[in-house]
1. If the cut-off is a Cα-Cα distance under 18 Å, which aspartates and glutamates reach LYS385, setting aside same-chain residues fewer than 8 apart in sequence?
2. What's the FRET efficiency of GLU51 with ARG518 using the Cβ-Cβ distance as r and R₀ = 56 Å, to the nearest 0.05?
3. Going by how many other beta carbons lie within 10 Å of each one, how would you line up VAL136, VAL411, fewest first?
4. Any chance you could run the full-extension gain for ALA243 through PHE404? It's 0.36 nm times the residue separation minus the Cα-Cα distance, nm to one decimal.
5. For the residue pair VAL218 and LYS294, what label-to-label distance in nm results when each label sits 7 Å from Cα along the Cα-to-beta-carbon direction?
6. Using a 10 Å cut-off around each Cβ, can you sort ILE410, ILE286 from fewest to most neighbouring Cβ atoms?
7. Once you list every other residue whose beta carbon is under 10 Å from the beta carbon of ASP206, what net charge do they have if Lys and Arg are +1 and Asp and Glu are -1?
8. Any idea how far apart TYR557 and GLN511 come out in nm if each label point goes 7 Å out from Cα toward Cβ?
Amino acid sequence: MILNRTHVRGLSTLLALGLFSGSIFAADPAIQNDEVAQLRAALAAQQKQLETLQHVLEQQQQLLDKALNGQQPQRNTLGTVASLAPVIPVAPVAAVAIPPAQTPSKAAAPVSKNPCEAPPDANQVPPYLRIGSTCVMPVGFMDFTSVWRDKNAGSSLGSNFGSVPFANAVAGNLSEFRFTPQNSRLGFRADGDWKGAHFMGYNEFDFLGTSASNGIGVTNGAFVPRLRLFWIDVRKGDWEVLAGQSWSMLTPNRKGISALPGDLFYSQVIDVNYMAGLTWTRQPGIRVLFHPNKTVTAGVSLENPNQYAGGQAGGPKIAVPTGTGACNTPTGAASCAAFLGGQLDDTSSSYLSTPNVMPDVIVKVAFDPSSRFHADVAGIARTFKSYNLGTNQHFTKTGGGVQFGFNAEIVKNFRFVTTNYWSDGGGRYLFGQAPDVVVRTDGSLSPIHAGGTVDGFEATVKNTLLYAYYGAIYVGRNVVLDTNGKTPVGYGYTGSSQNRAINEFTLGVNQTLWKNARYGALNLMGQYEYLQRNPWSVAPGGLSNAHDNTIYMNLRYTLPGSMPNF
């Protein structure tokens with residue numbers, strides 16, 4: 001049995017009482033009997049306390065033996081217990097100080113590299129949700145946008161670069177103004193690590209979908225949700241695979257060949273059609289990337305094809321041969337016109353119906369020697385195919401293009417950005433402003449030359465972002481003579497109003513009013529945009545160009561959230 005200082009003091013007291021009582025007994029026999037009775041009672045009480053203490057010590061010894069044999073003692077719990085140390089009953093007398101049980105040391109459990117499996121920080125509001133071993137973060141923002149144009153282009157929130165009204169037309173003498181929340185976006189991002197592989201899922205949609213209801217502008221702003229992005233990405237070691245609907249790999253990057261919106265360059269503008277001259281689209285595809293080191297990324301992408309004849313975002317369509325015998329059918333009737341909306345997409349139908357031979361193939365290499373410099377170069381190969389029913393002939397044509405650019409932080413918080421593109425049959429990637437091909441009289445296809453550029457700067461001054469860009473599109477001439485040998489058709493022929501060049505100059509400001517990791521951010525944004533388009537042919541007495549001025553104002557609330565570092 002183990003005794004402490006309290007027990008020693010108790011025994012010393014008993015001994016002193018015995019010596020003192022002995023002297024009293026010798027001095028006074030009358031008092032002796034009374035004092036002996038009291039002493040016996042005290043000894044009996046002390047003995048009872050010692051027995052209770054011994055019982056407590058025996059219980060503790062049993063707990064120690066069980067712990068040493070690998071058995072966990074029964075612990076009292078109440079809700080979530082902060083400590084798992086054994087709870088010891090309180091002794092009726094002074095507490096006994098006993099060292100805590102020491103369990104045998106065991107091999108430490110392996111630490112997971114997945115931060116979504118780490119214990120939550122009770123002192124902070126988590127910037128993401130945890131579902132199993134996956135982190136899920138809501139993404140998006142809510143926009144309230146106003147737009148004013150000095151020409152009535154009828155394009156709502158986004159600019160129709162290819163259809164700016166001429167000043168001698170009715171629409172060129174009317175202005176337009178509207179409020180809209182359509183650029184608001186919602187979605188989620190999910191991340192996790194599993195068996196050495198990092199996986200990421202991304203979803204995003206806005207409210208720029210097409211609605212057949214007139215109630216949008218009359219009685220009800222019933223704007224339709226539209227899928228923007230929905231893809232999954234998996235990376236293990238040096239290799240990475242992405243599949244789903246994402247920004248095309250032909251879109252310029254700010255970092256690597258990442259598909260995350262923040263790692264892409266599509267300008268800082270409010271205009272939802274971004275910049276004239278920018279190569280981009282969002283479409284289904286699959287890509288494989290290789291990361292030989294931290295500086296270089298290389299990849300190949302197979303993306304959704306589309307044989308395009310014009311008509312998107314105000315862009316002009318091609319003109320097809322209609323003379324006798326052109327694309328003749330067995331009955332001899334003209335049939336080249338049937339190519340539009342049939343073998344070629346001219347946006348006359350709202351669904352995917354165009355025949356395609358194979359996916360568009362894009363290869364890309366990116367260089368990131370530091371956070372202050374990024375450069376990328378990409379190439380695209382496309383295949384077009386048509387069929388002449390009258391002659392039972394198939395025609396195949398290959399097109400392609402190259403995109404290159406960089407962005408560099410010349411001085412702190414000041415970046416210069418440039419991206420450039422030239423193609424033969426790649427006009428669809430210039431936001432549909434240039435058709436891909438024209439149709440010849442025999443039903444064969446001929447690619448159209450098209451190119452674009454975006455150049456500018458971005459500067460950050462405390463909580464303010466300033467930007468200015470110049471963008472341009474050039475669409476080459478590809479003229480075909482109809483079967484009579486005289487009437488020109490195709491693209492850029494005399495007498496057509498098809499665009500030769502589109503130029504844009506824009507500048508803007510994005511002011512962060514406040515931001516907080518727990519509550520999100522509030523931004524006030526403004527943009528001025530000047531657009532000019534020049535047709536290939538100008539009628540006698542006509543205007544050589546059309547232009548408009550646009551002013552955007554936008555109030556944006558961005559949802560809070562961030563991902564942990566993997």
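1. Output for LYS385: GLU303, ASP345, ASP346, ASP360, ASP424, ASP436, ASP442.
2. Between GLU51 and ARG518 the formula returns 0.40.
3. Starting with the residue having the fewest Cβ neighbours, the order is VAL411, VAL136.
4. Fully extending the segment from ALA243 to PHE404 adds 55.6 nm.
5. 6.1
6. ILE410, ILE286
7. Net of charged neighbours comes to +1.
8. The two pseudo-label positions are separated by 2.0 nm.
A short reminder: the numbers here are calculations on the coordinates, not readings from a lab. Fair warning: this is a prediction, and the values are worked out from it, not measured in the lab. Cβ coordinates were reconstructed from backbone atoms using ideal geometry, including for glycine residues, and neighbour counts include every protein chain displayed.
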